[in-house]
Structure formats: structure tokens, C-alpha cells
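Below is one structure, written out as C-alpha cells; the observations come after it.
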Amino acid sequence: MHAYHVAIVGGGLAGLYAAWQLEQAGVEDYLVIEARDLPGGRIASLELLPLEPGATQTHKSDAPRCFDLGPAWYWPGLQPQLDALVRALGLEAFAQHEAGDMVFEHAAGEAPRRMPGYASSPPSMRLKGGMGALIGALRRRIPPGRVVTGQAVSQLRYSAGEVALESQDVNGRFTRHGARHVLLAVPPRLAVARIGFSPVLPDALARQWSAASTWMAPHAKYLAVFDAPFWRDNGLSGEGRSLQGPLGEIHDASLPGGEAALFGFFAIPAQVRRSLTEEVLRTHCRAQLVRLFGAKAAMPKLDVVKDWARESWTATDADLVAEAGHGAVPPAGIASGPWRGRILGIASEWSPRFPGYLAGAIEAAELGVRAVLGTRGQTSSREHSDANVRF
Ligand SMILES: Cc1cc2nc3c(=O)[nH]c(=O)nc-3n(C[C@H](O)[C@H](O)[C@H](O)COP(=O)(O)OP(=O)(O)OC[C@H]3O[C@@H](n4cnc5c(N)ncnc54)[C@H](O)[C@@H]3O)c2cc1C
């Protein structure tokens with residue numbers, strides 16, 4: 001069995017960015033192993049099909065008619081590393097539409113109130129083609145054979161200087177790969193829940209990884225696409241807040257120069273959503289949009305629910321309960337024992353500065369790649385400063 005210098009488990013933003021960084025450093029002896037059929041992870045889009053009416057949900061597409069079902073925003077001034085990546089990949093950003101009044105819905109039976117909207121400062125930026133554009137652009141820069149999809153890593157076994165990675169496809173067929181180093185681009189809690197480690201991870205570390213909640217995993221988005229942004233004609237920004245639900249927070253999701261759309265985050269907990277069908281949820285969301293934005297909201301040309309708590313390659317049962325903040329960042333590396341210098345966590349939740357965010361995936365991946373390059377005796381452009389990262 002060929003032993004790669006590096007195996008990257010997970011082909012979300014962190015995994016693909018790490019792969020591209022390795023490519024740029026001239027490291028070709030690596031493999032990305034992704035559980036889903038398409039890379040992207042929490043970056044997912046609804047793509048309007050160009051020729052026939054309809055739409056498809058995808059984890060990869062960066063076609064112009066893509067709506068974000070996962071992350072939509074980043075903040076260039078606060079997140080310069082991610083901004084630099086957006087520029088390096090030649091992607092175009094635009095500010096979230098916020099011009100106009102917002103609507104606020106208090107209790108059931110009370111008419112929604114209209115109030116002056118507020119402009120985010122710094123503005124939240126979106127990408128043309130959606131966040132999937134990041135994934136598409138990275139994917140095009142990585143040779144196709146270096147990313148395998150539809151292979152969920154289920155076991156990591158260490159012996160004699162090598163890690164054997166066992167993965168399974170949807171039909172239960174096993175594949176084995178070998179690697180000297182493993183970059184875990186899978187959220188820490190998910191890694192502990194879905195992957196068996198032999199020898200077992202140190203107890204304290206496994207507890208810290210399990211305690212790190214996966215950002216946004218308990219949440220769900222509703223997206224409704226319309227021919228025109230009719231709410232803007234009425235001086236509304238498309239922004240709404242509601243204590244009545246089912247959506248707690250609503251925003252304009254229109255494409256620049258293209259289709260109009262609204263999206264909202266559900267305020268209903270994941271466990272309650274589980275007991276309702278998508279059709280029921282959509283019916284309640286449409287009724288809420290009518291209350292807030294008027295009768296035209298009753299007939300979206302299409303609408304979807306994306307429930308991240310139902311995604312087994314994102315959420316675990318522990319994620320059914322939403323946590324208030326980002327929590328403590330767990331150690332990315334293993335300080336002692338056989339796994340020391342073999343496994344390093346690089347998913348966003350391991351980022352020292354932006355845990356849970358897109359910018360965190362970039363930061364954690366860059367730290368991981370620097371550590372890997374160190375193992376080949378190569379020098380990296382910046383000194384390794386994160387005490388968390390030991391490889
Ligand atoms: C609804 C929602 C809204 C969000 N909004 C924002 C936002 O506006 N701004 C922002 O900065 N961030 C936002 N986020 C967070 C952002 O999406 C994440 O920070 C980022 O995508 C994390 O990337 P990652 O590569 O670290 O992890 P992931 O995207 O979770 O990637 C992990 C990958 O590993 C794969 N995988 C899992 N288990 C295995 C296994 N056993 N074997 C192989 N592969 C495996 C998964 O399929 C996935 O592709 C949002 C997230 C959600 C869900």
C-alpha cells in the first residue's frame with residue numbers, strides 16, 4: 001500500500017485549502033478523502049438550472065445562479081487572510097443588500113412593525129456565484145486524482161510510523177490508504193463521533209474535541225426564490241426579525257442582476273424540526289413571509305429547507321442543541337503518545353482566531369500545512385506561532 005506523505009480527511013474549505021497550499025509548496029504526495037459525493041462540506045448551494053425550470057442542491061457549484069444554503073458572508077477588513085484568498089482566486093465580492101426598512105414581528109396576533117434598518121459595520125460581504133465559488137475555484141486548482149469523494153473515513157490505525165486510513169463508500173465497500181501524517185479537516189466533535197482511532201485518543205483530548213460544538217450544525221435555512229425583489233419596491237430591505245417564527249432572522253439573498261430571494265434562519269430547535277415534514281415547514285415559512293413582506297411572498301418560484309442538523313457528515317446528536325457561543329478552541333495536535341506528530345486538526349473549529357467561521361477554516365488549514373511542511377525539512381514563510389499546533 002502506498003503511504004502518502006499527507007492524507008487530508010474532509011474536503012470542505014479547510015481540506016481543499018490545505019490541498020492547494022500543499023500544491024503551491026510543491027508537495028504532490030497527498031490525498032484528500034471526502035465522505036460526501038461532492039466537496040464543500042458546510043458550503044452548499046442551491047443552483048437554478050439554466051435550461052429547464054427547477055433547481056438542484058449541490059455542494060460544489062459556483063455557477064452564477066447559485067444561492068447559499070450554508071455560509072453567505074465574510075468580513076474582509078476583519079479577516080484579511082480569507083480576503084486575500086478571495087482575491088487570489090479572482091472572485092468578486094459584493095455587500096449584503098441592507099438598504100431600506102426592516103420588519104419586526106413580536107408576538108402572535110400582533111401586526112409586524114416596520115422600523116429603520118441598520119447597516120452592518122463593517123458590511124457583510126457575499127461572493128458572486130455564492131460561497132460555492134470558493135470551493136469551485138480551489139477544486140479547479142487541485143489535480144482531480146488528488147481528491148476522492150464518497151469515501152467516509154471510519155478508522156485510523158497507527159503502527160510503525162504510518163497511519164492506515166480505512167474508508168467506506170455508501171455501499172459499505174472498504175478502501176485503505178496509508179499516510180505518514182493526517183490532517184483532520186473534519187470538525188473535532190464529528191471526528192470523535194464518526195472515526196475510530198487505534199490506539200485510542202488520549203481521554204482528555206477526546207473529551208475536549210467532543211465538547212467543541214460544530215458551528216451552525218444545529219441550524220437550518222429556508223430559501224425562497226422570486227422573479228423580482230418586490231419588497232424593495234415598498235422600501236423594505238428584506239431584513240426581518242421575529243419572535244413568532246418559524247424563522248427568527250430573515251435577509252435578502254438576491255443575486256446581483258439576477259433572481260430575487262429571501263432567506264431565513266429557523267428559530268425552531270432541531271429536535272422540533274425533526275418531527276415536521278419539509279412541506280409543513282415551507283408552508284409556515286411562506287405564511288410568515290406574507291405577514292412580513294406582503295401577498296407576493298405567497299408564491300415563490302421555488303423554496304427549500306436546508307437542515308444542517310440532519311446532515312450526518314456535519315452534525316452529531318450532540319449538535320441537536322444549539323449552543324450560545326463558539327466555546328473553547330480544543331488543542332489541534334496531540335502532545336504525547338503514539339499519535340504525536342501524526343494527526344493534526346485543521347477544520348475551522350480548531351482555528352485560534354476565527355473558530356467556526358470560513359476564515360477559521362483558512363487559518364487552521366494554513367497552520368496545519370505549515371506544520372506538515374516542517375516535517376519535510378522545508379521552511380515556511382512565517383514562523384509557526386500557535387502553541388496548539390504540534391506535529
Ligand atoms: C447554515 C450555515 C451558515 C453559516 N454562515 C457562515 C457565514 O455567514 N460566515 C462564516 O464565516 N461561516 C459561516 N458558517 C460556517 C462555515 O460554513 C464553516 O466555518 C466552514 O464551512 C467550515 O469549513 P471546514 O472545512 O472547516 O468544515 P466542513 O465544511 O464541515 O468540512 C468538513 C468536511 O469533512 C467531510 N467529512 C466529515 N466526516 C468525514 C469522514 N469521516 N471522512 C471523510 N470526510 C468527512 C464533510 O463531508 C465535509 O466536506 C455557516 C455554516 C452554516 C452551516
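The values are calculated or read from the model by the stated rules, or taken from the named source; none is laboratory data. Just so you know, these numbers come straight off a predicted model, no measurement behind them. Neighbour counts run over all protein chains shown; Cβ positions are idealised from the backbone, glycine included. Keep in mind that these areas ignore ligands, DNA and RNA; they rest on the heavy atoms of the full protein, side chains included. Shrake-Rupley method; radii C 1.70, N 1.55, O 1.52, S 1.80 Å.
Quick notes on this one:
For (1) within 11 Å of the ligand (Cβ to nearest atom); (2) open to solvent by less than 20 Å² (accessible area, probe 1.4 Å); (3) among the polar types (S, T, N, Q), each residue gets a yes or a no:
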{"position": "Ala179", "(1), (2), (3)": "no, yes, no"}
{"position": "Ala204", "(1), (2), (3)": "no, no, no"}
{"position": "Gln208", "(1), (2), (3)": "no, no, yes"}
{"position": "Ala211", "(1), (2), (3)": "no, no, no"}
{"position": "Trp215", "(1), (2), (3)": "yes, no, no"}
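- Any chance Arg232 is surrounded by fewer than 21 Cβ atoms within 10 Å (Cβ to Cβ) and in a helix (DSSP H, G or I): yes
- Total residues in segment 348-360, condition open to solvent by less than 60 Å² (accessible area, probe 1.4 Å) and either on the phi > 0 side of the Ramachandran plot or charged (D, E, K, R) (or both): 2
- Any hit, segment 124-132, residues being under 26 Å from Asp307 (Cβ atoms) and basic (Lys, Arg): yes
- Residue in segment 165-188 that is under 27 Å from Val321 (Cα atoms) and either touching a Ser or Thr at 6+ places or on another chain (Cβ under 7 Å) or assigned to a helix (DSSP H, G or I) (or both) present: yes
- Candidates Ser254, Ser275, Ser242: the one that is of a type in the set (Gly, Ala, Ser), at pLDDT 95 or above and loosely packed, with under 15 Cβ neighbours inside 10 Å is Ser275.
- The residues on offer are Gly117, Gly150, Gly161, and the sole one that is open to solvent by 10 Å² or more (accessible area, probe 1.4 Å) and free of Cβ contacts under 8 Å to residues at least 40 places away in the same chain is Gly161.
- Arg139 meets the conditions (1) in a helix (DSSP H, G or I); (2) open to solvent by less than 50 Å² (accessible area, probe 1.4 Å); (3) more than 10 Å from the ligand (Cβ to nearest atom) in every case but one. The failed one is (2).
- One residue stands out in segment 309-347 among those that are within 15 Å of the ligand (Cβ to nearest atom), of a type in the set (A, V, I, L, M, F, W, C) and open to solvent by 20 Å² or more (accessible area, probe 1.4 Å): the one that is modelled with the lowest pLDDT, namely Ala322.
- If only residues of segment 164-173 that are more than 14 Å from the ligand (Cβ to nearest atom) and open to solvent by 40 Å² or more (accessible area, probe 1.4 Å) are counted, the one that is nearest to Val32 (Cα to Cα) is Arg173.
- Among the residues of segment 286-308, those that are within 24 Å of Met102 (Cβ to Cβ) and within 15 Å of the ligand (Cβ to nearest atom) comprise Val304, Val305, Lys306.
- The C-beta contact set for segment 74-90 (first residue free of Cβ contacts under 8 Å to residues at least 24 places away in the same chain, second residue in a loop (DSSP other than H, G, I, E, B), distance under 7 angstrom, 6+ apart or interchain) comprises Asp83/Pro76.
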